[in-house]
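Peer 1: Here it is: the structure, laid out below.
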Amino acid sequence: MPVYKKNVLNAFQQEDYQPTECQLVVKYIRGRGNNLHLVQNFDGTEFLVTMPKKYRQTCWLAKGNLLVIDPIKEGDKVEGEIVCLLDHSCLLDHIDKGNWPPDSQNKSNTSRAELMEFYHRRK
């Protein structure tokens, strides 16, 4: 594999990434064509996100992958852009330590057990 592709894959699949307060962690559902992907948030809402150009020909997604996205405010149909692929164990560690989700995103005061159950399920 060329060095460029390795560097792009390493940037996309980060082991110990800590999402910021404005970013969301979502579960990948399916591709919708033309670099659009259907994802599901913890509260059950499904919406479209786009993949940045540098990842399009290099990185592939599978059902159940966890993605970190940056929300797009002005988006009508597309509501976010993919930042990176997050490892399940990494996110579960953040939930265990209380680092995720931030209080601003956890409006329904869901328990850690519910969060771990949702993000642990692959499908």
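Peer 1: Based on DSSP H runs of at least 4 residues, each adding -39500 (n - 2.57), what is the mean residue ellipticity at 222 nm of the chain after dividing by all its residues, to the nearest 500 deg cm²/dmol? Could the numbers behind the result be given before it?
Peer 2: Numbers: 3 runs with 29 residues, N = 123.
Calculated at 222 nm, the ellipticity per residue is -7000 deg cm²/dmol.
Peer 1: Based on the Cβ-Cβ distance from C90 to S111, what FRET efficiency comes out when R0 is 22 Å, to the nearest 0.05? Show your work: numbers first, answer last.
Peer 2: Values: r = 20 Å, r/R0 = 0.91.
In this case the efficiency is close to 0.65.
Peer 1: Now a separate question. So what's the stretch 4-67 giving for Cα Rg divided by 2.2 N^0.38 Å, two decimals? Numbers along the way, then the final one.
Peer 2: Numbers: Rg = 12.2 Å, N = 64, 2.2 N^0.38 = 10.7 Å.
For the stretch 4-67, the normalised Cα radius of gyration comes out at 1.14.
Peer 1: I've got another one for you. Nearest 20 debye, what's the magnitude of the dipole of the chain about its Cα centre given +1 on Lys and Arg Cβ and -1 on Asp and Glu Cβ? It would help to have the intermediate numbers written out before the result.
Peer 2: Details: 17 positive and 16 negative charges, 143 e Å.
Around 680 debye, computed over the chain.
Peer 1: Measuring from the lowest to the highest alpha carbon on each principal axis, how far does the stretch 3-120 reach, largest first, in angstroms?
Peer 2: 39, 33, 23
Peer 1: Ok, one more. If you keep only loop residues by DSSP, which trypsin sites (Lys or Arg not before Pro) in the stretch 1-105 have at most 16 other Cβ atoms within 10 Å of their Cβ?
Peer 2: Details: sites: K5, K6, K27, R30, R32, K53, K54, R56, K63, K73, K77, K97; in loops: R56, K63, K73, K77.
Of the trypsin sites (Lys or Arg not before Pro), the ones in loops of the stretch 1-105 whose Cβ has at most 16 other Cβ atoms within 10 Å are R56, K63, K73, K77.
Bear in mind these aren't lab numbers, they're just calculated from the coordinates by the rules spelled out. Since we're looking at a predicted model, the values are computed, not measured. Cβ atoms come from the backbone with ideal geometry, glycine included; neighbour counts cover every protein chain shown.
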